[in-house]
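J.: Before anything else, here's the structure in question.
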Amino acid sequence: MKTAIVTGGGAGIGRETARLLAETGYRVVIADIDEQAALAAADEITADGGRAHAFRLDVAGEAQWDKIAEWVYGEFGPAHVLINNAGILDTGGFVETSAAQWQRTIDIDLMSVIYGSRVFARQMIDAGVRGHIVNLSSGAAFFPARYIPAYAAAKSAVLMATQALRVELRPRGIGVTAICPGAIRTDLLAHGTRAGLDADEQEAWRASLGRVQSLAYATPDKVARVIERSIRRNRAVVPVNPEAWFGYGMFRLSPSLVRVAGSVGSFDLADRLLPRVQPLLNLITK
């Protein structure tokens, strides 16, 4: 039986991906910093007849990646698939976002992908496994919006790192894919922070953004299906949703036009609009 590791597997895209891979015959290791969420997801898969194991993993710690790689190899042998899905989305302008917030985003959204890809690629190479690595980038990788510069920078780097890794691992028979979702109905925004707000303002902002993201028409299971198909077909870069495909195409066609579009949105605009649409959001999401 092949083994797949899914980071951030306790919720959202990671949970749906783990479930789908289990249904298609993989033994899945659900790695998440929230151990209880990972255990619940593993129990759900096991109850449905699949094979799943939970592992607490802080993806920002390089030593923890060595630990999970050693554990996986000792328990099941070399991994066949790695899904680098765990991530955060903090908002804030380039200047107002603190150095610590920038570093946190880079550590979780970019360096975790690098740590995981390195350790499990080495495991696959040493074992002669023709496996696959999937890294979750984002439609933000080709959309320089003024309110998510740290996230966009990290995801853009993930996109390039993934393509470089694909070139390097191709002779080894190991596939590498970058998945670039657009707006997906998850709790990513609700769990993020916005630079420059106090605790009470932060909580209100999260609640409002959580309701907005809950209106996205695409659900995590759509991304999971794209991931599973990309593994089978060894796709290189796969945007998910029309807005992601549009942004991907426009960034290749006219980067200057995309920059103009990215300058339209602002926190001032959001702060003016959210109170006006709040009653509608409350009605729709209650």
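Taken together, the values in this text are just the output of simple stated rules run on the coordinates, not laboratory data. Since the structure is predicted, the reported quantities are computational estimates derived from the model, not experimental observations. Cβ atoms come from the backbone with ideal geometry, glycine included; neighbour counts cover every protein chain shown.
J.: Do you know which residues across the stretch 19-43 are touching a helix residue (DSSP H, G or I) at 6+ places or on another chain (Cβ under 7 Å) and without any contact (Cβ under 8 Å) to a residue 40 or more places away in the chain?
T.: If the condition is that a residue be touching a helix residue (DSSP H, G or I) at 6+ places or on another chain (Cβ under 7 Å) and without any contact (Cβ under 8 Å) to a residue 40 or more places away in the chain, then 22, 28, 30, 41 are the ones that fit.
J.: Kindly list, by first and then second residue, each pair from a residue in the stretch 45-70 that is within 13 Å of residue 114 (Cα to Cα) to a residue that is hydroxyl-bearing (Ser, Thr, Tyr) and surrounded by 13 or more Cβ atoms within 10 Å (Cβ to Cβ), limited to pairs with Cβ atoms under 7 Å and residues at least 6 apart or on different chains.
T.: These pairs meet every condition: 59/7; 59/112; 60/112; 62/115; 65/115.
J.: Which is aromatic (Phe, Trp, Tyr) and assigned to a loop (DSSP other than H, G, I, E, B), of 94, 120?
T.: 94
J.: Within the stretch 88-107, can one find any residue that is in contact with a strand residue (DSSP E or B) (Cβ under 9 Å, 6 or more places away or on another chain) and aromatic (Phe, Trp, Tyr)?
T.: Within the stretch 88-107, none of the residues are in contact with a strand residue (DSSP E or B) (Cβ under 9 Å, 6 or more places away or on another chain) and aromatic (Phe, Trp, Tyr).
J.: Counting only residues that are surrounded by fewer than 19 Cβ atoms within 10 Å (Cβ to Cβ) and either part of a strand (DSSP E or B) or over 17 Å from the mean Cα position of the chain (by Cα) (or both), how many does the stretch 48-60 have?
T.: Adding up the residues that qualify gives 4.
J.: May I pose another question? Of the conditions (1) under 25 Å from residue 183 (Cβ atoms); (2) free of Cβ contacts under 8 Å to residues at least 12 places away in the same chain; (3) of a type in the set (Ser, Thr, Tyr), residue 105 satisfies every one except a single condition; which number is it?
T.: (2)
J.: When you look at residue 88, is it outside any helix (DSSP H, G or I), among the aliphatic types (A, V, I, L, M), under 24 Å from residue 17 (Cβ atoms) and in contact with a Lys or Arg (Cβ under 8 Å, 6 or more places away or on another chain), yes or no?
T.: Judged against the criteria, residue 88 is a match.
J.: Same structure, new question: Against the definition (within 15 Å of the chain's Cα centre (by Cα) and more than 12 Å from residue 87 (Cα to Cα)), how does residue 108 come out, yes or no?
T.: no
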